[in-house]
Amino acid sequence: MQAVRDGANLTDTWEALQRAHPQWPDGTRGAVRDLAWGTLRDYGRAEPILGRLLQKPLPDPYQALLMVAIHRLESRPEQSHTIVDQAVEAVAATAPGLRGVVNGVLRNLVRQADQAARWREADPVARHRHPDWWIARLRASWPGEWESALEAGNQHPPMALRVNPRRATATQVLEGFAAAGIDARALDNGALLLARPRAVAQLPGFAEGRFSVQDAGAQWAGRWLGAQAGERVLDACAAPGGKAAQILELADVALTALELDPRRARRIEENFERLGLRGEIRVGDARRTAGWWDGRPFDRILADVPCSASGVARRHPDIKWLRRREDIPRFAAQQAEILDALWHTLAPGGTMLYVTCSVFDEENRGQIARFCTRHADALRLPLDGRLEQQLLPTAEHDGFYYALLRKQA
């Protein structure tokens, strides 16, 4: 928690913590992860409490520890005495002088639980568990849906699977799950949604490459790209390789998977190997085509560009802490550079599918509108009857944006 408050990435910090504590059993790892992710998912819930019950913030990292304890008290009030005792013990181990302060704050919170609920309800950031600028952007863009989208973004994310049709059918996978007592169902785009998340090692068929873990909203990419056998296809910004793998699973294409980060590019290779797929993996910057493009145009391009990741914040809740309103124009500028560069590598008559995991208009519909103004040869194509598809977070999928463009001859 303190590392994220200092600007660190949650996933990177978590992985470093695991490396530092290889002796932790699975139960401990799961508990620590649950505490960190849950506290960050409940962004802003502690602030109205700490502002009233503390005269001034505690030194780092004890302020962060208080936030973890406050999250736990709200989510598990029946364990209040144990939570307070453990928080006090944790502080006393390294800062015994703060023991009384932490004890006082948490016991006051337990006694004033009803009042604390009113404090939170009066604070929009605490009520919606998102920064104020984030709330304002979503409310302006989606006046009828912003509250449900924010609420979905605060929940534990669903777990969906993408079936590899080269090794199994959805029916076969579901039958294998049923035999193992695993509840799952198929969605409209073929994704399999588990009734509750499970470790992949518990899922029969994963090691054999019968399916991959991929959010249901992300699984529209391969279908809406519509690549056909024999075509040259580019997946730009491809790591960790889920969408690239889906393209290869659906059609026999000559695929190039492009990734800027060499370490992340290796993850693409690992995914291809497990699934029995073959594609060319290149390391390079999508904006600098001279470093990776051989001059032969692509028939299809998947432009899954870097973005604010505002549609997947429940999976990466540190995003709500780390993003700033001024980051969004910077992402939009980078996306525009990538789109302009990739457009030159697309064959006349070819199509480009633009994808983000964002819910902000500046990165989505506004981005595509500006692109079409710059490129008179860009024709927008419908996706299932709509000119664009904005998926807001729901109980079934994360938030994504899709737009399909054809390069006119």
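The values are calculated or read from the model by the stated rules, or taken from the named source; none is laboratory data. Just so we're clear, the structure is a prediction, and the values are computed from it rather than from any experiment. Cβ sites come from the backbone with ideal geometry, for glycine too, and all protein chains shown count toward neighbours. These accessible areas exclude ligands, DNA and RNA; they are computed on the full protein's heavy atoms, side chains included. Shrake-Rupley method; radii C 1.70, N 1.55, O 1.52, S 1.80 Å.
Looking across Asp318, Asp327, one residue alone is within 30 Å of Ala126 (Cα to Cα), modelled with pLDDT of 95 or more and open to solvent by less than 10 Å² (accessible area, probe 1.4 Å). It is Asp318. Test Val355 against the stated conditions and say whether it is part of a loop (DSSP other than H, G, I, E, B) and not polar (S, T, N, Q). Here the answer is no, as Val355 does not meet what is asked. Regarding segment 37-47, can at least one residue be identified that is surrounded by 12 or more Cβ atoms within 10 Å (Cβ to Cβ), modelled with pLDDT under 95, more than 14 Å from Ser75 (Cα to Cα) and in contact with a Phe, Trp or Tyr (Cβ under 9 Å, 6 or more places away or on another chain)? No, that holds for no residue. Restricting the first member to segment 35-49 and to residues that are on the phi > 0 side of the Ramachandran plot, and the second to residues that are of a type in the set (Gly, Ala, Ser) and part of a helix (DSSP H, G or I), the beta-carbon pairs closer than 6 Å and six or more apart or on different chains are Gly44/Ala126.
Pairing residues of segment 370-381 that are farther than 13 Å from Ala409 by Cβ with residues that are exposed (fewer than 15 other Cβ atoms within 10 Å of the Cβ) and of a type in the set (A, V, I, L, M), at Cβ distances under 9 Å and at least 6 apart in sequence or on separate chains, gives Cys372/Leu379; Arg380/Leu387; Leu381/Leu387. Just to check your reading of the model, which residue among Ala126, Ala179 is crowded, with 19+ Cβ neighbours inside 10 Å and farther than 28 Å from Arg223 by Cα? Result of the check over Ala126, Ala179: Ala126. Name the residues in segment 95-109 that are open to solvent by less than 60 Å² (accessible area, probe 1.4 Å), in a helix (DSSP H, G or I) and either under 19 Å from Arg76 (Cα atoms) or among the small types (Gly, Ala, Ser) (or both), would you? Within segment 95-109, Gly100, Val102, Asn103, Gly104, Val105, Leu106, Asn108, Leu109 meet the criteria. Just one of the listed residues (Gln23, Gln55, Gln63) is in a helix (DSSP H, G or I) and either of a type outside the set (Lys, Arg) or open to solvent by less than 40 Å² (accessible area, probe 1.4 Å) (or both), and it is Gln63.
Of everything listed in (1) under 19 Å from Ile338 (Cβ atoms); (2) open to solvent by less than 40 Å² (accessible area, probe 1.4 Å); (3) touching a Lys or Arg at 6+ places or on another chain (Cβ under 8 Å), the single unmet condition for Ile268 is (3). Among the candidates Ala92, Ala69, the residue that is touching a residue at least 24 places away in the same chain (Cβ under 8 Å) and part of a helix (DSSP H, G or I) is uniquely Ala69. Taken over segment 223-238, the criterion of being under 20 Å from Val312 (Cβ atoms) and either in contact with a Cys (Cβ under 9 Å, 6 or more places away or on another chain) or open to solvent by 10 Å² or more (accessible area, probe 1.4 Å) (or both) is satisfied by Arg223, Trp224, Cys237. Taken over segment 363-409, the criterion of being surrounded by fewer than 18 Cβ atoms within 10 Å (Cβ to Cβ), over 24 Å from His156 (Cβ atoms) and of a type in the set (Asp, Glu) is satisfied by Asp377, Asp384, Glu388.
Only one of Ala347, Ala333, Ala341 is surrounded by 15 or more Cβ atoms within 10 Å (Cβ to Cβ) and assigned to a helix (DSSP H, G or I); which? Residue meeting the stated conditions: Ala341. Exactly one residue out of Arg282, Arg296 is under 20 Å from Thr351 (Cα atoms), open to solvent by 50 Å² or more (accessible area, probe 1.4 Å) and either modelled with pLDDT of 95 or more or among the aliphatic types (A, V, I, L, M) (or both): that is Arg296.
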